[in-house]
Structures are given as structure tokens and as C-alpha cells.
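Colleague: Quick one: the structure is below, questions incoming.
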Amino acid sequence: MLDKIIEVVAREIGLDDEVVNADSDIIEDLCANSLDIVGIITSLEDTYGINVPDEAIIDLRTPALIAEYIERESTDGTAE
């Protein structure tokens, strides 16, 4: 799952996958703007069938944190 999240983050920001790692801060390290964040969240919601409330977005700063959130919030706990 983490590789897919990294791929989505890189694609939405317009970077190569190699630039993004599990601990990259999406805002500080990758210089994502608010439109990038919306694109990342929307793509991940569609991919994993989850809904990310606005108040949760602020805490999803790295691909690793996003993966943890998706694992926790997926309906059956087996999101891939």
C-alpha cells in the first residue's frame, strides 16, 4: 500500500516517485500546495474507498501517516 500512496503523492504533485519516500513531509519537503493536497486526498479516497474528513487532513503529512490512516479507516482493515 505504501508504494501506491507514494505513487499517488508524486503524481499529484508532479514529481518522480524516487523523490518521495515514506517520511517525506508533503508540505514542507515536497512543497505541495492546497490544490495538490485536494488531488492527493481525492485520489486516495477513490482508490481505497474511504472518506477523509477535512479535520483529519492536517495530520496526514507523510505517506507513512496516510498509510496508517487508511489501514485504520478501511472497512475491513485490509486495504492494499
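What follows is calculated from the coordinates using simple rules that are stated; it is not laboratory data. None of the values given here were measured: they were computed from a predicted structure. Cβ coordinates were reconstructed from backbone atoms using ideal geometry, including for glycine residues, and neighbour counts include every protein chain displayed.
Yes/no per residue for (1) among the hydrophobic types (A, V, I, L, M, F, W, C); (2) not in a helix (DSSP H, G or I):
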residue	(1), (2)
ALA22	yes, yes
ASP25	no, yes
CYS31	yes, yes
ILE41	yes, no
LEU44	yes, no
ASN51	no, yes
LEU60	yes, yes
ARG72	no, no
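Colleague: Given the condition touching a Gly at 6+ places or on another chain (Cβ under 9 Å) and surrounded by 14 or more Cβ atoms within 10 Å (Cβ to Cβ), answer yes or no: does some residue in the stretch 22-31 qualify?
Modeller: Taking the stretch 22-31 as the starting set, the residues that turn out to be touching a Gly at 6+ places or on another chain (Cβ under 9 Å) are none.
Within the stretch 22-31, not a single residue is touching a Gly at 6+ places or on another chain (Cβ under 9 Å) and surrounded by 14 or more Cβ atoms within 10 Å (Cβ to Cβ).
Colleague: Of all residues in the stretch 33-70, count the ones that are under 15 Å from ILE5 (Cα atoms) and touching a helix residue (DSSP H, G or I) at 6+ places or on another chain (Cβ under 8 Å). Before you say what the answer is, go through the steps one by one.
Modeller: Here is the first cut: in the stretch 33-70, the ones under 15 Å from ILE5 (Cα atoms) are 36-50, 52, 57, 60-70.
Those left that are additionally touching a helix residue (DSSP H, G or I) at 6+ places or on another chain (Cβ under 8 Å): 36-37, 39-41, 43-44, 47-48, 50, 52, 57, 60, 63-64, 66-67, 69-70.
Total satisfying the criteria: 19.
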